[in-house]
Every structure is written in C-alpha cells, then in structure tokens.
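Readers should treat all values here as calculations from the given coordinates under stated rules, not as data from a laboratory. Just so it is clear, the structure is predicted and the values come from calculations on it, not from any experiment. Here the Cβ positions follow ideal geometry from the backbone for every residue, glycine too, while neighbour counts run over all protein chains shown.
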Amino acid sequence: MHDYSMLAHGDRVLIAVSGGVDSLVLTWILANWRHKAPINYELRAVHIDMGFGGREDYKAVSAEMDRLNIPLLVEHSNFGVKNQDDDVTCYRCARRRRGRLFELAREHNCQSLALGHHMDDIIETLFINMLYSGNISTMRPGQKLFSGRLTLIRPLAYLSKDEVWILARLAGITPVKNPCPRADHNKRDEVRDLLKSLYQRDPLYKANIFASLHNVKTDYLL
C-alpha cells in the first residue's frame, strides 16, 4: 500500500467481490486496515452476478460483507451466459465485467477500484502474455486510468496464494465456489500448472520471477 500510494485521506474505494477467497481476504484486510491507518477512507463492495446459473452465491457474499460491516451492491448480469466453450469468450466476459466495474466506480464517485489479484496472478499474467500474446507485460499493483480519475489498486500483490489462504483461515473466511463452467479449463489454468511444475523443482523460482519484474534490463531486450 505504501510502495504504490494506494490510499489517500478521504478516498472512496470500490471493492470488486466475486466471493472467491482472494476478494474476501482483500475486503477483510481493507476493513481492518482502517483501524490502524492514519487516514480515513470509505469502503463499498460490489458483486456482479455473471449469470452462470443459480443466483444464490451472492447471499453468501452478502453475509460476509454484513460480518465486516461493508455495504454491498449486487448487480445481476448475463455476461457469462452464452458461448462458454472457448478462451475468447472468457476474455470477452472478463472485459465486460471490468468495464461495468469502471462504470460503477464512476457512478458511486469512487476514486479507487480494489481488485484481489495476488503475486501468483501477476506472475501467471506475465507468462500468459508471453506465451499467447507475444509481449512482456503484467498487472501493476497500482495503476491510474482515465487521466487519473480512477486508480486500480491490488493490495494483495506481494502475497502468494498460499499466504492468502493462511489469512482466510485466520479470518474465518469461507469462499464461495466459482460458478463459471470454465473455471478450471482455461489458459490461466494451463499456465498455472506449468508454473507449478517449475516451483516443484525449486521453491525460489517464484520469488525470483516476481523480483525480475522490478529488475528489467531494457538494454538487453530486443
């Protein structure tokens, strides 16, 4: 949070809460951080029902937000209903959800949009972009958009997935199962399996890959 100046006094922060462990831990951290932070900021959560089937998952999300005393906006959509059989659809579905989150942040006068991406997500995105798009890029922990009117913040960026799960257990968080039919059958899962095989060879690989994103030697790139 300090390295990327993620929060400022008086900020209104919209948290994208899917119901997964990452977004719930993110909400728990931001809610508890207010008790020790030298600044005041407001939190509001939003859950977008992607339309994959039953609409009961938001009730579990709502119960968790009530426990944390965070106001929750639930919006139903049909972003994920049709053509769920390819990665192009995954991309379009994610893009529509992201666009709607931007609109909701503007509608609710929020300066920041908080996302639950962690270290593993950032590394996986790096490899997805290299392997499938032919470019070297990933998600930034802090990123200003729309001429600075909105800032994306990823406060979990320095935490591994294993550490996120440790925090979830400490906080008594029970995540909601992802209803997407392609949740375990996409390019990210393929890259995750590839990286898992690398980490099994040497646990230091993950830390070194992440450190390399802070140590880019552009003189030695094409």
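Worth pointing out:
- Mean Cα-pair separation over length for the chain, i.e. relative contact order, pairs under 8 Å, 6 or more apart, %: 24 percent
- Those trypsin sites (Lys or Arg not before Pro) in region 120-176 that DSSP places in a loop and that have at most 11 other beta carbons within 10 Å: Arg149
- A simple charge model with +1 on the Cβ of Lys and Arg, -1 on the Cβ of Asp and Glu and nothing else charged puts the dipole of the chain at about 400 debye relative to its Cα centre.
- Region 92-164: chymotrypsin sites (Phe, Trp or Tyr not before Pro) in DSSP loop, at most 12 other beta carbons within 10 Å: Phe146
- Of the residues Pro175, His118, His47, the one whose Cα sits farthest towards the positive end of the charge dipole of the chain is His47 (charges of +1 on Lys and Arg Cβ, -1 on Asp and Glu Cβ, taken about the Cα centre).
- Computed from Cα atoms alone, the Kirkwood hydrodynamic radius reported for the chain is 18.6 Å.
- Helical runs (DSSP H, four residues minimum) scored at -39500 (n - 2.57) apiece and divided by the length of the chain put the mean residue ellipticity at 222 nm at -13000 deg cm²/dmol.
- Cα centroid separation, region 1-20 to region 144-220 (Å): 17 Å
- About its Cα centre, the dipole of region 89-157 is roughly 320 debye, where the only charges are +1 on Lys and Arg Cβ and -1 on Asp and Glu Cβ.
- Translational D in µm²/s for region 97-169 (Stokes-Einstein at 20 °C, 1.002 mPa s, Kirkwood Rh from C-alpha pairs): 158 µm²/s
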